[in-house]
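Take a look at the structure set out below.
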Amino acid sequence: MAETKRTIKKYPNRRLYDTEISSYITLEDLRQLVLDGEDFVVRDARTSRDLTRSVLLQIIADHEDFGTPILSTALLTRIVRLYGDELQGFMGPYLERSLEIFLDRQHALRRELAEARNSSSELDLDALIARSMELCRTMQDTLHEAVREATRPGRDAKPH
């Protein structure tokens, strides 16, 4: 039997209601659900429209104001420019895969940084940067191949 997603209802007064625990929650509570790996959907309480993406974007926007932002003004500007571009449909999957690769490497990167801090050996930043650049080149090659495949004559130009 397929598991159902936890449902969060969003009311016009911006309050969020978690139907699983029958209680109102905050955006920070939702963020904790994300961190805990909980699968949920946020729905408009009146229309049942899926609001999950917009609520996640709100969480991101709130956290961008604290500490070092992940999304610089230059990056956000570039993302805005992508909307309406003929390759817009490829950017989401490309960013998802890039982040997936980064997260896969994150553990190794943390270990290497901790070892360098805890030992007398120097951190080989050049090697670290070279590995990162190779991952970027691999991602670019993958994106180029996907674009070539999708735009090949006789094929639909939209990604799958």
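Brief remarks on what is shown
- Answer from Ile70, Ile79, Ile101 - the residue that is assigned to a loop (DSSP other than H, G, I, E, B), outside the structural domain of Gln32 (by TED's automatic domain parsing) and of a type in the set (A, V, I, L, M, F, W, C): Ile70
- Summed over the stretch 64-111, the residues that are loosely packed, with under 11 Cβ neighbours inside 10 Å and in contact (Cβ under 8 Å) with a residue 60 or more places away in the chain give a count of 1.
- Summed over the stretch 14-63, residues that are touching a residue at least 12 places away in the same chain (Cβ under 8 Å) and not in a helix (DSSP H, G or I) total 16.
- Residue selected from the stretch 4-35 under the condition over 15 Å from Ile59 (Cα atoms) and among the acidic types (Asp, Glu), by the criterion surrounded by the fewest Cβ atoms within 10 Å (Cβ to Cβ): Glu20
- Taking the criterion of being at pLDDT below 95 and either on the phi > 0 side of the Ramachandran plot or within 23 Å of the chain's Cα centre (by Cα) (or both), the only residue of the stretch 8-25 that qualifies is Arg14.
- The residue that is surrounded by the fewest Cβ atoms within 10 Å (Cβ to Cβ), counting only those in the stretch 38-55 that are under 14 Å from Leu27 (Cβ atoms) and touching a Leu at 6+ places or on another chain (Cβ under 8 Å), is Phe40.
The values are calculated or read from the model by the stated rules, or taken from the named source; none is laboratory data. This one's a predicted model, so the numbers in the text were calculated from it and none came from an experiment. No Cβ is skipped: glycine too gets one built from the backbone with ideal geometry, and neighbour counts run over all protein chains shown.
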